[in-house]
Amino acid sequence: PVTYGDGWVERVRTAIPAVSTVDAVLDAAGAGVLVESVELAGGPRRVITIADYSGAQAAGVVFTGGPEDMRPIPEAFAEVFPLYAKGKLRLPIAGKYPLARAADALAASESGHVGGKLVLLP
């Protein structure tokens, strides 16, 4: 994982010194990172954002996020779950919150410094 914020591109490059580009970028930050993401991925066709609709249009990358975009979910699961099972895809959990503290989870998410997924528990 790479920390959000100023200097994130350099942190990615430090983490992968042997390659010039990453395979793909999924932007969930929505904080104006698409231009750098396109550079890191070697082009806009290898970048998807779920958080920056207007930035996606300007950078020429795919925006997805609505129900109309969810049709291929079974196919995506068929590809992603085996990667997770083999340990090739990690989903770190940054915090667990009871539903009564959902506002705290949202505040943590909005801070932009979460190093993983936030889980709401019943």
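Nothing in this text is a laboratory measurement; each read-out follows from the coordinates by a stated rule. Values in this document were obtained by computation on a predicted structure and should not be read as measured data. Neighbour counts run over all protein chains shown; Cβ positions are idealised from the backbone, glycine included.
Figures for the structure shown
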item: The stretch 42-55 - phi-based ³J(HN,Hα) in whole Hz, Karplus 6.51/-1.76/1.60, Gly and Pro as x; result: x, x, x, 6, 10, 10, 10, 10, 10, 9, 9, 4, 5, x
item: Unit charges at the beta carbon, dipole of the stretch 1-89: most positive-side option, TYR84, TRP8, ILE50; result: TYR84
item: Rough spin-label spacing in nm, given labels placed 7 Å along Cα→Cβ, for PHE81 and ALA107; result: 3.7
item: Amide H contacts of ASP27 (H built 1.01 Å from N, under 5 Å, at least 5 apart or other chain); result: ILE48, THR49, ILE50
